[in-house]
1. Show the residue pairs that are 6+ apart or on different chains and have beta-carbon atoms under 6 Å apart, the first residue being within the stretch 193-212 and at positive phi, the second being crowded, with 18+ Cβ neighbours inside 10 Å.
2. Taking the criterion of being in contact with a helix residue (DSSP H, G or I) (Cβ under 9 Å, 6 or more places away or on another chain), more than 30 Å from residue 63 (Cβ to Cβ) and buried (at least 24 other Cβ atoms within 10 Å of the Cβ), would at least one residue in the stretch 187-196 satisfy it?
3. Within the stretch 113-128, is there a residue that is surrounded by 22 or more Cβ atoms within 10 Å (Cβ to Cβ), on the phi > 0 side of the Ramachandran plot and touching a residue at least 24 places away in the same chain (Cβ under 8 Å)?
4. Quickly run through the stretch 165-179 and pick out the residues that are crowded, with 24+ Cβ neighbours inside 10 Å and in a helix (DSSP H, G or I).
5. For the structure I just gave you, tell me whether residue 150 is within 16 Å of the ligand (Cβ to nearest atom), outside any helix (DSSP H, G or I) and surrounded by fewer than 18 Cβ atoms within 10 Å (Cβ to Cβ).
6. Could you list, ordered by first residue, the pairs with Cβ atoms under 7 Å in which the first is in the stretch 162-174 and farther than 11 Å from residue 126 by Cβ and the second is part of a loop (DSSP other than H, G, I, E, B) and more than 12 Å from the ligand (Cβ to nearest atom), at least 6 apart or interchain?
7. Find the residue count for the stretch 201-234, including only residues that are over 21 Å from residue 326 (Cβ atoms) and crowded, with 18+ Cβ neighbours inside 10 Å.
8. Give 40, 24, 132 a once-over and let me know the one that is at pLDDT 95 or above, crowded, with 24+ Cβ neighbours inside 10 Å and within 16 Å of the ligand (Cβ to nearest atom).
Ligand code: GLA
């Protein structure tokens, strides 16, 4: 709330008027189901209680003025003609969302927007999807458009893929748009069917940022997407969603490992959701460790630092499970703990990691939060 008061004051200062609407969208952490979304498989993310917030007010004409509190920078363009800056920066995410809405046939109004972010940048917690959805919520409110969360998520993904030029699946945007507090979100990335699966209340979600920069992340991510598509083509299936474990014997290296990961990971997501539906946290740990091993050995997206974080977590009392989360090549691990074990986790995992690597890892205790919310102020 304090952050929101500050944002309202910033809006006042920058635009010398009051905002009429506040739109807020969360970052996400994926419990299990990695590199499955673009293979039309299953994922199980939850929105975290760290958000990007946009305060906005409509204008009479088509002028859009945007202020980013995080970058202390401005932008200005016409609501009917957003163009790329060519620099792939925060402005392109904002303009890209407008572009995608226009491209889908919606008419936009001009207005003023002030943005502030509470999702750590570049850590693999989907600050970009949070920004996209928060901005989309604001544009829709200004133009009085009623677009449901699923459609908004698809438009934001399109903005990121086609306007900004970054490849990603649909998981992050759907999690930012449609999550519900207290729940993880089981997504069938083929049908886009959603199911809310309650997180047992005695379980705490802890994210650790390894502080390893994901430098080659984008190239390697695109490479993995291509490898998965090539594996599906070789097997004659629409996507790896339709392949079975025995099919991987027909694939050359490294495609066999890539496919083995995706096939196994889809099964693990369904098993994890099943366990959570029964309120039984116990099987989650094993599934998370298996997921990590598969991402490390078959999909090859881990790093020695992420492996170390998972190893330290697995030897710590009160830890149910741990794995790398997000695209990999650096970024974060997600850890499920018995509530109350957070302090021990900090000293036995995070502190020891800092000592062994010299990296200033950070730990975030997260609550499963709501997706996009838009309200009048
Ligand atoms: C990134 C992408 C997601 C998903 C994950 C890997 O976070 O944005 O769509 O592919 O990587 O699971």
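The values are calculated or read from the model by the stated rules, or taken from the named source; none is laboratory data. On a predicted model such as this, the values are computed, not experimentally measured, just so you know. Note: ideal-geometry Cβ built from the backbone for every residue, glycine included; neighbour counts use all protein chains shown.
1. Once the first residue is at positive phi and sits in the stretch 193-212, its partners that are crowded, with 18+ Cβ neighbours inside 10 Å give 211/361.
2. Yes; the residues of the stretch 187-196 include at least one that is in contact with a helix residue (DSSP H, G or I) (Cβ under 9 Å, 6 or more places away or on another chain), more than 30 Å from residue 63 (Cβ to Cβ) and buried (at least 24 other Cβ atoms within 10 Å of the Cβ).
3. yes
4. Matches in the stretch 165-179: 171, 172, 173, 174, 175, 176, 177.
5. So residue 150 does not fit the description; no.
6. Once the first residue is farther than 11 Å from residue 126 by Cβ and sits in the stretch 162-174, its partners that are part of a loop (DSSP other than H, G, I, E, B) and more than 12 Å from the ligand (Cβ to nearest atom) give 163/84; 164/88; 165/88.
7. Going through the stretch 201-234 one residue at a time, the tally reaches 2.
8. None of the other options fit; the residue is 132.
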